[in-house]
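Everything below concerns the one structure shown next.
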Amino acid sequence: MNAQEYSSELLISRLRTLVTNTSNGRIVADREDPGADSIRNLGLDSLGMLTFLVAVEDEFGIEWDDEVPKEVLASFERMADYIARELGFVN
């Protein structure tokens with residue numbers, strides 16, 4: 001993905017797809033649940049969340065920092081913003 005292909009909606013869509021793929025289709029992220037806890041509300045257990053986060057790293061070529069605010073890991077919107085910053089698409 002390059003800067004011209006970037007959009008917040010595209011990133012969020014890719015994140016939702018990763019949740020479905022990493023849960024083998026058991027969890028489908030609902031487009032109708034935006035907001036601060038949109039990831040937290042999915043019901044991922046700790047292994048599911050870890051699998052999802054590793055898939056995000058692989059998909060976008062980023063590494064999660066130990067200092068990432070918990071809010072970033074709870075929300076598709078905030079995670080997409082974080083990824084966009086990490087990839088240099090926004091300041």
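Structure notes:
- Scanning region 21-61 for residues that are among the hydroxyl-bearing types (Ser, Thr, Tyr) and more than 11 Å from the chain's Cα centre (by Cα) returns Thr22, Ser23, Ser46, Thr51.
- Selection of region 7-28 for residues being under 15 Å from Arg78 (Cα atoms) and either in contact (Cβ under 8 Å) with a residue 60 or more places away in the chain or not in a helix (DSSP H, G or I) (or both) yields Ser7, Ser8, Leu11, Ile12, Leu15, Arg16.
- Some residue of region 56-69 being within 19 Å of Arg26 (Cα to Cα) and in a helix (DSSP H, G or I): yes
Bear in mind that the values in this text are calculations on the coordinates, not laboratory data. The structure displayed is predicted, hence computed values, not measured ones. Note: ideal-geometry Cβ built from the backbone for every residue, glycine included; neighbour counts use all protein chains shown.
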